[in-house]
Amino acid sequence: MRSDTVKAAVLASGGVDSTTALAQAVERYGAAKVTAISVLYGQKHRKELEAAEKIASYYGVEHISVDAAPLFQYSRASLLQGSQEPVPKECYADQLKKTQGKAPVSTYVPFRNGIFLAAAAGIALSLGSEAVIYGAHADDAAGAAYPDCSPAFFEAMAAAVWEGSGRQIRLEAPFLAMNKAAVVEIGLRLHVPYELTWSCYEGGAEPCGQCGTCRDRAAAFAANRVSDPAR
């Protein structure tokens, strides 16, 4: 165990939610006690990972990148390089209507958060950390769009992490009962550098503005009556 024990490891995707969670952890523990963990999973672009690197640098926290792409080579989720399916240009609610709520949206990568959190827990335990934090929120869980963001998933995974770490690592999801607008409200109070974040499922020079996550992001900033600084 390192002498400069890390208090919290935060899953850092480079998006709004994980960056807000990182800001909270830095405020709570101080930058020297926080590690940001980003995961490569075969995405079609690197924009979000580049954003995560910039954000970690902004906060002065250690940044660890993990390559888990081989684990997702069998998935055909529309976010991944191996998929020929285009990313849907509609909100999650409309996407779920097509499956009648019987399947997640096409951008759901099978058990992604489970794999991410298991990896983060192993790293956190090795660093002497006390907690793994991720930014799941209620909008992502709604209608089972992303089942690995649900309260039931969190409770099961938290129990597994706690027991599997010898009861040394807590799993925390501070936004689990909140919508994205509430997450942005917290971030605005913490002066989160949202201009550095990237949410779009496409990898263009500018966000597409039409995919599910772009729509959710726009609605969250609009609900707070502020312009999205990344646009």
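The values are calculated or read from the model by the stated rules, or taken from the named source; none is laboratory data. Note that the structure is predicted; figures quoted are calculated from it, not measured. No Cβ is skipped: glycine too gets one built from the backbone with ideal geometry, and neighbour counts run over all protein chains shown. Just the protein is used for accessible areas: all its heavy atoms, side chains included, with ligands, DNA and RNA removed. Shrake-Rupley method; radii C 1.70, N 1.55, O 1.52, S 1.80 Å.
Total residues in the range 21-56 satisfying the condition of being within 28 Å of Ala177 (Cβ to Cβ) and part of a helix (DSSP H, G or I): the figure is 16. One residue stands out among those in the range 128-140 that are open to solvent by less than 20 Å² (accessible area, probe 1.4 Å) and of a type in the set (A, V, I, L, M, F, W, C): the one that is farthest from Arg170 (Cα to Cα), which is Ala136.
Might you let me know whether the range 175-183 holds any residue that is surrounded by fewer than 20 Cβ atoms within 10 Å (Cβ to Cβ) and among the charged types (D, E, K, R)? No, that holds for no residue.
Considering only residues in the range 114-126 that are under 14 Å from Val66 (Cβ atoms) and open to solvent by 20 Å² or more (accessible area, probe 1.4 Å), the one that is farthest from the chain's Cα centre (by Cα) turns out to be Ser126.
Please indicate, with yes or no, whether at least one residue in the range 2-14 is at pLDDT 95 or above and farther than 19 Å from Leu171 by Cβ. Yes.
You will find that of Ala25, Ala32, the residue that is closer than 17 Å to Ala173 by Cβ and touching a residue at least 12 places away in the same chain (Cβ under 8 Å) is Ala25 and no other.
Could you grab me the full set of residues in the range 57-85 that are open to solvent by less than 80 Å² (accessible area, probe 1.4 Å), modelled with pLDDT of 95 or more, over 20 Å from Gly122 (Cα atoms) and not in a loop (DSSP other than H, G, I, E, B)? Within the range 57-85, Tyr59 is the sole residue that qualifies. In the set Glu27, Glu53, Glu48, Glu85, only one residue is acidic (Asp, Glu) and in contact with a Lys or Arg (Cβ under 8 Å, 6 or more places away or on another chain); that residue is Glu85.
Only one entry in Tyr146, Tyr92 is within 19 Å of Cys211 (Cβ to Cβ), crowded, with 21+ Cβ neighbours inside 10 Å, in contact with a helix residue (DSSP H, G or I) (Cβ under 6 Å, 6 or more places away or on another chain) and at pLDDT below 85, namely Tyr92. Condition first: under 15 Å from the mean Cα position of the chain (by Cα), open to solvent by less than 30 Å² (accessible area, probe 1.4 Å) and closer than 17 Å to Arg217 by Cβ. Can you find one or more residues in the range 23-36 that meet it? Yes: the range 23-36 contains one or more residues that are under 15 Å from the mean Cα position of the chain (by Cα), open to solvent by less than 30 Å² (accessible area, probe 1.4 Å) and closer than 17 Å to Arg217 by Cβ.
Just one of the listed residues (Ala222, Ala158) is touching a strand residue (DSSP E or B) at 6+ places or on another chain (Cβ under 6 Å), surrounded by fewer than 21 Cβ atoms within 10 Å (Cβ to Cβ) and modelled with pLDDT of 95 or more, and it is Ala158. Just one residue in the set Val39, Val105, Val109 is among the β-branched types (Val, Ile, Thr) and in contact with a Ser or Thr (Cβ under 7 Å, 6 or more places away or on another chain); that residue is Val109. Beta carbons closer than 7 Å, at least 6 apart along the sequence or on distinct chains, pair a first residue in the range 218-231 that is assigned to a loop (DSSP other than H, G, I, E, B) with a second that is aliphatic (A, V, I, L, M) for Asn224/Ala181; Asn224/Val184; Asn224/Leu188; Val226/Leu188; Asp228/Ala218.
The C-beta contact set for the range 53-80 (first residue closer than 10 Å to Tyr41 by Cα, second residue aliphatic (A, V, I, L, M) and part of a loop (DSSP other than H, G, I, E, B), distance under 8 angstrom, 6+ apart or interchain) comprises Phe72/Val109; Leu79/Val87; Leu79/Val109; Leu80/Val109.
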